[in-house]
Structures are given as C-alpha cells and as structure tokens.
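Right, one structure below, let's go through it.
The values are calculated or read from the model by the stated rules, or taken from the named source; none is laboratory data. Please read these numbers as outputs of a predicted model, since none were measured by experiment. We place every Cβ from the backbone using ideal geometry, glycine too, and count neighbours over all the protein chains shown. All accessible areas refer to the heavy atoms of the entire protein, side chains included, with ligands and DNA or RNA removed. Shrake-Rupley method; radii C 1.70, N 1.55, O 1.52, S 1.80 Å.
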Amino acid sequence: MTAAARFPSRRTPAPAAERASGPRSRPDLDALTGLRSGKPSFYPEYRVNAERLRRVIGSLDRISAALVRTMEGSEALVRAVADAAADHLSADWVVLALVDGELTDAEPRHVVIGPDGVEWSELRLVPDRVRRHITLLQGGTGTEDDDDSDRRHLHVPIRLNGRTVGGFVAWTPPDREIDDTDHSVLRILAGQTASALQNCALLDRAERLHARTAAQAEDLRTRNDELMRTQQALGAARQREVLDNERHRIARELHDSVTQYALSAGMHIELCRSEIDDPRLLEHLDTAKDLTRRAVEQLRSAIYALNDDDHADKDLPSMLRQLSTVHMPDELRVEVTIGGTPVALPHEHEQSLFRIAGEALFNTAMHASASRAVVRLAYQPDRVRLSVSDDGGAAPDQIRRTLRAASVRGPSGEHRGLVNMDARAREMGGTLRFRRSRIGGLQVQVDVPFGTTGRETP
C-alpha cells in the first residue's frame, strides 16, 4: 500500500456543481469572516480578517441595538436602523425608503442620513442623485444601475414574504470601499429590518385593538350601569304606580262606603234628636253626633292624603305646611316651624317623615284631646329632626309600653300607627322617641343622621 493510499489528502476536490457556482454560493458567514486558513504563513491575511471580524461584530452589535427598539414604535426603529447602516459604512449618504403601499403603518416612509451623520428632513436640499433613488425605492422599481466597478455605492433591497417592501442605498467616501463583508452586513440588516417593522406594525395594531377593547369595555360598563339604574327607576316607578292605584282604590272605597255610612249615621242621630225630649238621651246623642262628625273629618283627611299625588313635586317643608291646613279638626290649631337651612333628602325619606308627621297629628286629633299641636322640622349639622308636640293628655310612658306590646303581638291591626312610625324611622337609620313636650302634652321625635339619608345640598 502506498503512502498516498495510507494518508489521503486532506483537501478533497469539491463537486463540479460547487466549483461552477463559484464564491457567490458561500453563505454570508464566510464573507463576514473571510477566514480560509489558520496557518501562521497567512498571518497578514489573518490580521486583515481579524480587523474585519472586529468591525463586523461591532456593526452587528449596533444593528442588534437598533432592532430591539421595536417596542418604541416604527419611527424610532427606522431611524435607528438608518443610523446603524450609516455608522457601519462610514457613509456620506444613506437612504432607507419604504415602497408605497407596503408596511402602511410604518412611519416615516423614508430617512436620509447626510455626511454629517444628521438626518436631512428637507428633500429639496439633498443632492439630485439621492432624491432620485428615494423616488425609485418608493415606487418599488429598485434603484438605478451603477457600474460594478463603483465600490463606493451600495443598494440592498428589503424583502418580506418574497416581495420588496423597501431598500437601503448608500454612498461611501473615496477612502472607504464597500466589500463583500459590507454587503453581507447590510443584507442581514435588511432582512431583520423587514421582520422588525412587521412586528412593530403588529404591536401597534395590537395596542390599538387593546385600547379600543378597553374603551368598548368601559363603554359597556357605563351602559350597563345606566341600564341597571334605568331598571331600578322603572321598578321604583312600577311600585309607585301599584301603590298609587291601591291608594286610590282605598280612597274610593272609603269615600263610597265608610264615609257614606258615617254620614248616614249622623243623619239618623239628628233625626232621633228631633224626636227625643229626654235631656240625658239628648246628651248621649250629641256625643254620638260629635264623634260621627269627627270620624267624617278624619275620613275626609285620609281620603285627601290617599288621593294627593302632588307630594312628589314638593319638598318636605311644603308638604308639612299643607298637612297642617288640610282636614284638621277646627278645635286643633297646628303650627309648623322650620329650623336651619333646608337640604334635599332622598324622596323616600321625605315621604317617610311626612307620613310620620301625618300619623302623629292624626293621633293627636283623635286620642289626645289637644287644642294645639306644633310640628317642627330642624336641619342640624349632622341630622334632620322632626318633632310633633301637643298639649293633650297622652303620657309618654304609656305610649312606649303600647308600642312595645304592639310590636310583640305582631300585625294585628291594633296600634298599627305607632308600629308604622317606628318601622319608618328604623328604615331611614333613625330613631323614634316619645317624651313630654314643653307645651304640656306628648312629643313625638324622629332623628335621622345625614349619613343615612344621602344628604345633597340643593
């Protein structure tokens, strides 16, 4: 066996197809490094290649720094890429332009870096050849053909998904030639720029969609809140309608039946008085007539209150003043005083206070044998206080015991007025008290803190 057979050559001839394709078939990495041998005999070439590699690494580092600015938007990205290309080539002029109709979300559509390394925004001031190349790039027709011997001019298209979306054009000074390494660096930059611009557009679109979705969600939340308030208002209106219909029905029944029976009883009493001469019986009939008259007055007052729909448009002081003048017995004098600065209260709370005052006055007229009643509404810094005082003979202790007993017995119908007043006060977060009044009789007092009434200054 020969030595040649035992030690085959380390250099195997390349296939014919590879020899025919020439150096252009080598990957960009070969052109970037240019290293073909590590033997010491090639030291001068090694130094040149090492310097080229150092320059390439620095350029790729600057390119990476430019490409990571995707989050800052397409404008920052385009300018950073153009600066990276100009810095790598030490170019007199560098142009980055996008084809019209491609990457429509990217801005600006072109960037021109001049000899001073500063962006030129006024195209009319740049040389004609530079402006002409911008027009060609934007039209998507490429750039003018240059002589291959011109080693100071470079054009690299920017491609995305097989179509040209833009390009780089550069001119270097006389002492700076463009070699294969520069072509490889700019091709890498062009390829990564297309992907970065697309990512930038997708990110910007996603942010817009997110902002639009957030705005729509906020709008839906607002509309849902409005819908809920509308439903609550409709529910409250429906409840008021049902209550109004029931009040009117009760008022109609009272007027057409109970009131008529009371009036008929009064007429029969008067008829009996005309036929009886016994003074003792006449006295009893007079008492019965007086009680009948009082019953008719109270029925008319109740019918008026049930049919009165004007309270919704009036404030609490106005309703109290009207209450003191409508269907009160002639022998009961009612005074209304307002203390402090009136403030607006929720409608349901004003209605509750009005009903408490009406019930207290009704009890005064029917059971207290009073000649005077004082209704006072006081707006204090932290609460509203309603009090109804009379000069009758009711005892606070007895009223409190009656209320406790009625609450324990449940809804039997007896003393329901006292129970209703206490329930209304509790619903408002307030308290109901009975005490001796300054004018000698009973005082009914309700205190409601403003924190529970939703105070609003009118």
Three-way shape label, region 267-398, alpha-carbon gyration tensor, a/c 1.5
prolate
Size-normalised alpha-carbon gyration radius of region 218-321, reference 2.2 N^0.38 Å
1.83
Length gain on complete extension for the stretch Asn420 to Leu263, per 0.36 nm per residue less the alpha carbon to alpha carbon distance?
53.6 nm
Taking the Cβ of Glu246 as the centre, find all other residues whose Cβ is under 12 Å away and add up their charges (Lys, Arg: +1; Asp, Glu: -1).
+1
Under the rule a/c < 1.5 gives rounded, and otherwise a/b versus b/c splits prolate from oblate, where does region 122-227 land using the Cα gyration tensor?
prolate
Peptide ranges 180-186, 285-291 listed from the most packed, as the mean C-beta count within 10 angstrom indicates:
180-186, 285-291
Can you list the HN-Hα couplings for region 180-196, worked out from phi with the Karplus curve (6.51, -1.76, 1.60; θ = phi - 60°), rounded to whole Hz and with x for Gly and Pro?
5, 4, 4, 4, 5, 4, 5, 5, 4, 4, 5, x, 6, 5, 4, 5, 5
FRET efficiency, Leu227 to Arg435 (Cβ-Cβ, R0 51 Å, nearest 0.05)
0.60
Contour minus Cα-Cα distance for Ser318 and Gln398 (0.36 nm per residue)
25.6 nm
With r as the distance between the Cβ atoms of Arg208 and Arg124 and R0 = 45 Å, compute the FRET efficiency 1/(1 + (r/R0)^6) and round to 0.05.
0.85
Of all chymotrypsin sites (Phe, Trp or Tyr not before Pro) in region 332-412, the ones in DSSP coil with at most 13 other Cβ atoms within 10 Å are none
Within the set of other residues whose C-beta is less than 14 Å from the C-beta of Glu335, count the net charge using Lys and Arg as +1 and Asp and Glu as -1.
+3
Pair Ile276, Arg300: separation of 7 Å Cα→Cβ label points (nm)
2.5 nm
Residue list for region 95-113, given a label point 7 angstrom along the Cα-to-Cβ vector of Arg163 and an amide N cut-off under 19 Å:
97-107, 109-110
At a 1.4 Å probe, what is the % contribution of carbon and sulfur to the accessible area of region 220-377?
55 percent
Positive minus negative residues near Ile439 (Lys, Arg vs Asp, Glu; Cβ under 13 Å)
+3
